[in-house]
There are 2 protein chains.
Amino acid sequence: MPDLPEYLHGYGPVRRRDPGGSTSPRGSRALSGKLLPSLDAAISACELKDGATVSFHHHLRNGDGVLNLVMEALARRGLKNLHVAATSIFPVHAPLVEHVRNGTVGRISAAFIAGPVGEAVSRGVLADPVVLRTHGGRARALDCGELALDAAFVAAPAADECGNISGRAGRAVCGTLGYPLCDVEVARHVVAVTDSLAPFPVAQIDIPQGKVDHVVKVESIGDPAGIASGTTRPAEDPPSLAIGERAAAVIAASGLLVDGFSFQTGAGGISLVTAAGVGREMAARGVTGSFCSGGITGFHVNMLRDGLFRALMDVQCFDLEAVRSYQTDPRHQSMSAATYAGPHIGGAVVDRVDAVVLGACEVDLGFNVNVTTKAGGIVIGGSGGHADTAAGARLTLVTTRLTAAGYPKIVESVGTLTTPGDTVDVVVTDGGIAVNPLRVELAERLRSASLPVLSIEALAAKAAAASSRAAPPRAVGRVVAVSEYRDGTVTDVVREMDREPR
Amino acid sequence: MPDLPEYLHGYGPVRRRDPGGSTSPRGSRALSGKLLPSLDAAISACELKDGATVSFHHHLRNGDGVLNLVMEALARRGLKNLHVAATSIFPVHAPLVEHVRNGTVGRISAAFIAGPVGEAVSRGVLADPVVLRTHGGRARALDCGELALDAAFVAAPAADECGNISGRAGRAVCGTLGYPLCDVEVARHVVAVTDSLAPFPVAQIDIPQGKVDHVVKVESIGDPAGIASGTTRPAEDPPSLAIGERAAAVIAASGLLVDGFSFQTGAGGISLVTAAGVGREMAARGVTGSFCSGGITGFHVNMLRDGLFRALMDVQCFDLEAVRSYQTDPRHQSMSAATYAGPHIGGAVVDRVDAVVLGACEVDLGFNVNVTTKAGGIVIGGSGGHADTAAGARLTLVTTRLTAAGYPKIVESVGTLTTPGDTVDVVVTDGGIAVNPLRVELAERLRSASLPVLSIEALAAKAAAASSRAAPPRAVGRVVAVSEYRDGTVTDVVREMDREPR
């Protein structure tokens, strides 16, 4: 071995290499040691203690099996007071309620909560308030250390034993993995949970091995049929068709529908009617858009294939057509939740969107939108990307029917303020269109296009007239959930309902 | 606005959203503000001070224009004592010598230094020793905070104004961006320097916008013809052909050439002869390999297309055929330097390689390899991935001619110890093959295959006999470079040569 000095000016102490220290035995396969025999083994490796924060993502949507599997394993070990930091919680995650009741889970945070967990939260099952963040706000909270993860459990459609994860291979393909992309950057431990262990290297890596600590094979990560959630067909009922067509007409008249136009819609039926109308108008005008973003459906894929857009920026595939497109078309690109909607990265994709079409449970006279609670106050959602895209887009359209289940949807004051009215430009209903008074020029354009522009007060009056019951008053119990804006400030709180089920 | 409590038990202080605080003016395009008019503006935005560390990558190899452009701009501003933390330095970076002489640059670190900078370093141009790391060691030093970057300047073949970077589009396409992928994770500021500003979103994003702070358009990021460096043809001279064929025969006889075989070669002429021989043997045996890794050439692409391998794991494209393949074939995957070779991520790709074929300036009786200095001690390289792959692979072959320029290449003791002998299994020369005494079973296999196995001492004797001059003694001046092993320990130092040019 060469003669080495012990210290070098401008370098520091010289540590001589120890031949036995860092080399694998020659000729033996250097095992990564990441592949563990069970979830239990992975939980041990993560060294989780009472009060730990465990994260999950919702790319398998209502087909997800991983959150339940992991929580069951954590409960069996007797861990208590855990914080479940999910991206979204669906009806399939109903067993979480029991984990709360028996003390395994003490805190929940998410961007969206639907189903039995939302109902239980509203009825006060948790002592501490649930934190509802936006998708971009959650990414910010992760990156800024506000939301620290002890372990991220990644439902991995396919993985190899070195920890490379693909959303584009395996039994339950889900496409892009935009949400866990943020979790794996910061979690103390990352566990890939897969039912399709592939030979190294797995095809089409979405999360590289360097971000993953442990790999576990389970029998099933969930039901692939649950991914699509049956939401990706345009609406066919006359009121929804009318709303969708009107929203398309608003975009057509807005002045934004020119070359380079960028667009986001959800996967709901009205949104897809709007998308179809916008697409027809683009084709008629010979306009080529730049990109569609957000959650992507086969509908968006067709717009790409038809040459209406140059690219798709996809944080989550909403159906298998989108998954197939992401597998095969390089114009269909993945983005992380931070890139999609983060308010902290110096400009997210939502900040580049020209027009976004959003839904609503309720809209009020201040154009504030509630997508968090249904009439009466039960948690049935949360912002997801709603408040993020509303803030980013040049034109934010909120589409809604005037009434639902007999309740008015245009109200004096929303039951829960999810998305602030100053970020909403137009409300499109089956009873007419209201333009935010901040957007004088836009109102002019819509009137010039002979669109039925009314005041929001007029829409509220129409909604009241068409309703069979009044919007119930806000609950007055203790706070059970906090609705955080994307920057970590608070837009509203949700209060405890009557504990008796109706 | 809703009535909000000021403090919530289990949540903390409630900060009410300020409508004016975090929303862009409605109807205006939210500008990302990342696109700056000049390198000078970007340098200002990075708030660089004397002594700052600035990083560069070498995907444009000897065609790179960005390091010189940036250093010129930094010199014009009068900054002093900067630390240039490059991945590799090539002859094209000769102007760096003047920046050292006039005090702009006070420190250099890199994984590889060739050309005038290496010569100047060896002659003592810098007061502080250069730190030569392996590719994996540099990734480790970045991730562990040992190498802190004030600004990373990313030569971006294409970028959009939001900071998305693609190596697969633009005037000077280079393919994968495995090296800067590590820098952008940790640098305090990241600057994308591009000559091809694309509409948002740039196609085939390799580095997403969330990792990039500033974007600058320059006239040229370099000469695309410099990328290939003319190294991607198999050797044709008889001694090199003989060595390459022998190396292939060693692999064929090693017992590793079975289904799932994984393989790495450099882009040198001998390596490609070996690859061709291995490919023929795989085809003859009907063996399907798993992956080729490292720097990828058209030669590897052909092996993929021929079905000899399932995947390519590519840290850097060595020629335009590789770039085209990465643009179009999803089996051709990118990996970061950390994923490729990091000793700190719980198993890197190098740890999965069955056989790697490496070159050498010198090999000694302890199987130690020098790829750092040429005979006499001038720095002409450094480990790059040499020591990483040698440590990781199950079978490490070092191929070399017995002599070069009249000097013996199998010597008693290497001029600089880059890659430790305990990680080298076989030395293949035009004078025969030597097997590391640690590998008794391998030597048996090679003898059974009638391969010319000699002792390393016998090869050294042959080399001495074929030489016209003796290996010069080590320089005895002060230390001008430290050769770090992948774990941050030191394998050797390089000492100052006579300051007079020969």
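The values are calculated or read from the model by the stated rules, or taken from the named source; none is laboratory data. All of these numbers come straight from a predicted model, not from anything done at the bench. Cβ sites come from the backbone with ideal geometry, for glycine too, and all protein chains shown count toward neighbours.
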- request: Look at the stretch A:386-412 and say how many of its residues are part of a loop (DSSP other than H, G, I, E, B) and more than 8 Å from chain B (Cβ to nearest Cβ).
  value: 8
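Where residues in the stretch A:485-495 are at the interface with another protein chain (Cβ under 9 Å from one of its Cβ atoms) and either touching a strand residue (DSSP E or B) at 6+ places or on another chain (Cβ under 8 Å) or crowded, with 24+ Cβ neighbours inside 10 Å (or both), which of them is farthest from B:M1 (Cα to Cα)?
Result: A:R486.
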- prompt: Filter the stretch B:240-279 for residues that are assigned to a helix (DSSP H, G or I) and either of a type in the set (S, T, Y) or without any contact (Cβ under 8 Å) to a residue 12 or more places away in the chain (or both); which is surrounded by the fewest Cβ atoms within 10 Å (Cβ to Cβ)?
  reply: B:S240
Number of positions in the stretch B:372-403 that are touching a Cys at 6+ places or on another chain (Cβ under 8 Å), at pLDDT 95 or above and either of a type outside the set (V, I, T) or not assigned by TED's automatic domain parsing to the domain that holds B:A338 (or both): 1
- prompt: For the subset of the stretch A:33-62 comprising residues that are surrounded by 22 or more Cβ atoms within 10 Å (Cβ to Cβ) and either part of a strand (DSSP E or B) or of a type in the set (G, A, S) (or both), which member is farthest from the chain's Cα centre (by Cα)?
  reply: A:A42
- prompt: Within the stretch B:310-323, can you find the residues that are over 17 Å from the mean Cα position of the chain (by Cα) and assigned to a strand (DSSP E or B)?
  reply: B:R310, B:A311
- request: With the condition kept exactly as written, say whether any residue in the stretch B:443-450 is at negative phi, in contact with a helix residue (DSSP H, G or I) (Cβ under 8 Å, 6 or more places away or on another chain) and in a loop (DSSP other than H, G, I, E, B).
  value: yes
- prompt: Any residue in the stretch A:468-480 that is within 12 Å of another protein chain (Cβ to nearest Cβ), outside any loop (DSSP other than H, G, I, E, B) and farther than 17 Å from A:V424 by Cβ?
  reply: yes
- prompt: Does the stretch A:424-436 contain at least one residue that is within 14 Å of another protein chain (Cβ to nearest Cβ) and farther than 30 Å from A:Y340 by Cβ?
  reply: no
- request: Can you tell me which residue among B:N164, B:N81 is at pLDDT 95 or above, touching a helix residue (DSSP H, G or I) at 6+ places or on another chain (Cβ under 7 Å) and of a type in the set (S, T, N, Q)?
  value: B:N164
query: Could we say that A:V363 is free of Cβ contacts under 8 Å to residues at least 60 places away in the same chain and not in a loop (DSSP other than H, G, I, E, B) here?
result: no
query: In this structure, does A:G307 turn out to be surrounded by fewer than 24 Cβ atoms within 10 Å (Cβ to Cβ) and either more than 20 Å from the chain's Cα centre (by Cα) or of a type outside the set (A, V, I, L, M, F, W, C) (or both)?
result: yes
Tally of residues being over 14 Å from B:G294 (Cβ atoms) and among the aliphatic types (A, V, I, L, M) across the stretch B:339-353: 1
message: Out of everything in the stretch B:1-15 that is loosely packed, with under 14 Cβ neighbours inside 10 Å and at negative phi, what residue ends up being modelled with the lowest pLDDT?
response: B:D3
query: Is there a residue being within 18 Å of A:L132 (Cα to Cα), crowded, with 23+ Cβ neighbours inside 10 Å and either hydroxyl-bearing (S, T, Y) or touching a helix residue (DSSP H, G or I) at 6+ places or on another chain (Cβ under 8 Å) (or both) anywhere in the stretch A:315-331?
result: no
- prompt: From the list B:A471, B:A443, B:A463, B:A481, which one is without any contact (Cβ under 8 Å) to a residue 40 or more places away in the chain, buried (at least 16 other Cβ atoms within 10 Å of the Cβ) and touching a Pro at 6+ places or on another chain (Cβ under 9 Å)?
  reply: B:A443
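Yes/no matrix, rows are residues, columns are (1) in the same structural domain as A:A111 (by TED's automatic domain parsing); (2) within 15 Å of A:F263 (Cβ to Cβ); (3) in a strand (DSSP E or B); (4) among the hydroxyl-bearing types (S, T, Y):
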site	(1), (2), (3), (4)
A:S290	no, yes, yes, yes
A:M303	no, yes, no, no
A:S325	no, no, no, yes
A:P330	no, no, no, no
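Can you tell which of B:D160, B:D237, B:D183 is touching a residue at least 60 places away in the same chain (Cβ under 8 Å) and of a type in the set (D, E)?
Residue meeting the stated conditions: B:D183.
When only residues in the stretch A:404-426 that are among the charged types (D, E, K, R) and out of contact with any Cys (no Cβ under 9 Å at 6 or more places or on another chain) count, which is nearest to A:G137 (Cα to Cα)?
Step by step, filter the stretch A:404-426, then rank; the result is A:D422.
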